[in-house]
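A.B. asks: Quick one: the structure is below, questions incoming.
No value in this document is a laboratory result; all are computed from the given coordinates. All of these numbers come straight from a predicted model, not from anything done at the bench. Heads up, the Cβs are rebuilt from the backbone with ideal geometry, glycines too, and the neighbour counts pull from every protein chain shown.
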Amino acid sequence: MADLTVGIEAIDAQHTKLLTLVAEIAVQGRTPGPGARHEERLGALASKVQEHFTTEGSLMRKHLFTGVEPHEEAHRSFLATFAGLRQDLLAARESAPMTERFEALVGGWLELHIDGYDKVLARFLREKGER
Ligand SMILES: [Fe+2]
Ligand SMILES: [Fe+2]
């Protein structure tokens, strides 16, 4: 796994929180049982993701980042995928297989997005003096 640190303190702290929640959901999901046990963490993840995208959006606008459109489009498309997977996971009779899918898609998306879009954004923000 590549180093996912981007070098902007607030963004890195939020990324860590998001990836930790996904990992906790994955661990919880490997124990056979109904998906409903995921409800609390999925709710926390949804609100932390929203908060995180707002943080990045504010920083992009504050510094007139030219890549704001595609970056926010990526965030929107993630939110749509996440909403569907969240429903599927909660509805699953056995959570283990659905959790695998959730971890692969949500965790995988986050890692790729951080390693690509967010690192590009962070480099720009650091040039603007953000830490
Ligand atoms: Fe982002
Ligand atoms: Fe991010």
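A.B. asks: Can you give me the angle between helix 9-29 and the longest principal axis of the chain, using Cα atoms only, in degrees from 0 to 90, rounded to the nearest 10?
C.D. replies: Roughly 10 degrees between the two axes.
A.B. asks: Could you give the distance between the Cα centres of region 1-50 and region 64-131, to the whole Å?
C.D. replies: Spelled out, the Cα-based centre of one part sits 11 Å from the other.
A.B. asks: Can you list residues whose amide H is under 5 Å from residue 92's amide H, if they're 5+ apart or on another chain and H is modeled 1.01 Å from N?
C.D. replies: For residue 92, whose amide H was placed from the backbone, the distant partners under 5 Å are 35.
A.B. asks: Now for a different question. Would you mind checking the radius of gyration and Dmax of region 9-127 based on alpha-carbon positions, in Å?
C.D. replies: Rg and Dmax of region 9-127, Cα atoms, are 15.1, 49 Å.
A.B. asks: Go ahead and run the numbers for FRET between residue 77 and residue 50, Cβ-Cβ distance against an R0 of 25 Å, rounding to 0.05. Present the calculation step by step, with values, prior to reporting the outcome.
C.D. replies: Working: r = 15 Å, r/R0 = 0.59.
It comes to 0.95.
A.B. asks: Per residue of region 52-59, what does 6.51 cos²θ - 1.76 cosθ + 1.60 with θ = phi - 60° give for ³J(HN,Hα)? Whole Hz please, x for Gly and Pro, Karplus curve as stated.
C.D. replies: 5, 5, 5, 4, 5, x, 5, 5
A.B. asks: For labels at residue 64 and residue 100 in the simple 7 Å Cα→Cβ model, what's the distance in nm?
C.D. replies: My value for the distance between the label points is 5.1 nm.
A.B. asks: Test of understanding: what is the full-extension gain from residue 112 to residue 127, defined as 0.36 nm times their sequence separation minus their Cα-Cα distance?
C.D. replies: On the way: separation 15, 0.36 × 15 = 5.40 nm, distance 2.26 nm.
The residue 112-residue 127 span can extend by a further 3.1 nm.
A.B. asks: For helix 68-91, report the angle its Cα long axis makes with the longest principal axis of the Cα atoms of the chain; keep it between 0 and 90° and round to the nearest 10°.
C.D. replies: 10 degrees
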